[in-house]
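One structure is given below, encoded as structure tokens.
The values are calculated or read from the model by the stated rules, or taken from the named source; none is laboratory data. It should be emphasised that the depicted structure is a prediction, and the values quoted were computed from it without experimental measurement. Please note: Cβ atoms are built from the backbone with ideal geometry, for glycine as well, and neighbour counts cover all protein chains shown.
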Amino acid sequence: MINLLFIVAAYLLGSVSFAVIVSRLFALPDPRSYGSQNPGATNVMRTGNKWAAILTLLGDAAKGALAVWLAGKFAPDGSLLLVAAVALAVFLGHLFPLFLHFKGGKGVATALGVLLALNIWLGLAAMATWLLVALVFRLSSLAALVAAVAVPVYSVVLALPSEYVLLSLAMSLLLIWRHKSNIRNLLSGKESRFTRKSGNHPE
């Protein structure tokens, strides 16, 4: 029963949309009403308010990290399976938030928070991969996709528990699926590149 409570609480935490909250605090338009209509940091950045986008990014990452940290600290008998289930639940909460009629963000920032809390080296490797691809190709979505493909490989190389390897694979597949429109744009050459002015960032 307590395990179920952990998982439900993690999903509800993941359902908290910092893009919407921060936009309201900064008196910005609802991120679901413009641009990609995606409640994430990248879309918030389209308003030109970098601080709002940064706070959105940090909030979405923090909720992922917090859920995993709490599960790791208070999980009965240090259950790795429960930690993995909580991590997946908070990620799913961001993708399909209860409070936004199950229409959430693409999950990059929340996934990063989860990975950093699971294993700092795994999280840093994912972040470094994103940064490298983003700097070379100036495509935020491509950077997210490459990082998503790389994370399960990193988890195996780092010899992480099988529960975490399967979790990283599940999150990567979900993240790739959430970027299906970006994949179509990449294949057709229509995906927009970011510049220092446009400031696309992972959401």
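Details
A quick yes/no check of all residues on (1) in contact with a helix residue (DSSP H, G or I) (Cβ under 6 Å, 6 or more places away or on another chain); (2) closer than 25 Å to Lys190 by Cα; (3) touching a residue at least 12 places away in the same chain (Cβ under 8 Å); (4) of a type in the set (S, T, N, Q):
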{"site": "Ala125", "(1), (2), (3), (4)": "yes, no, yes, no"}
{"site": "Trp130", "(1), (2), (3), (4)": "yes, yes, yes, no"}
{"site": "Phe137", "(1), (2), (3), (4)": "no, yes, yes, no"}
{"site": "Ser141", "(1), (2), (3), (4)": "yes, yes, yes, yes"}
{"site": "Ala147", "(1), (2), (3), (4)": "yes, yes, yes, no"}
{"site": "Tyr154", "(1), (2), (3), (4)": "yes, no, yes, no"}
{"site": "Val157", "(1), (2), (3), (4)": "no, no, no, no"}
{"site": "Leu160", "(1), (2), (3), (4)": "no, no, yes, no"}
{"site": "Met171", "(1), (2), (3), (4)": "yes, no, yes, no"}
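- Among the candidates Ser155, Ser188, the residue that is surrounded by 23 or more Cβ atoms within 10 Å (Cβ to Cβ), over 16 Å from the mean Cα position of the chain (by Cα) and of a type in the set (Ser, Thr, Tyr) is uniquely Ser155.
- Condition met for Ala9 (within 23 Å of Leu116 (Cβ to Cβ) and crowded, with 19+ Cβ neighbours inside 10 Å): no
- Members of the stretch 7-39 that are at pLDDT below 85 and small (Gly, Ala, Ser): Gly35, Ser36
- Checked against the criterion of being surrounded by fewer than 15 Cβ atoms within 10 Å (Cβ to Cβ), within 23 Å of Thr47 (Cβ to Cβ), modelled with pLDDT under 95 and not aromatic (Phe, Trp, Tyr), the stretch 176-183 contains one or more residues that satisfy it.
- In summary, helices (runs of 4 or more DSSP H) completely within the stretch 52-154 and bearing 1 or more residues that are among the small types (Gly, Ala, Ser) and over 30 Å from Leu25 (Cα atoms) occur at 80-95, 120-137.
- The one condition in (1) surrounded by fewer than 17 Cβ atoms within 10 Å (Cβ to Cβ); (2) within 22 Å of Leu169 (Cα to Cα); (3) among the polar types (S, T, N, Q) that Ser36 fails to fulfil: (2)
- Meets criteria (farther than 13 Å from Ala10 by Cβ, at pLDDT 95 or above and buried (at least 22 other Cβ atoms within 10 Å of the Cβ)) for Ser140: no
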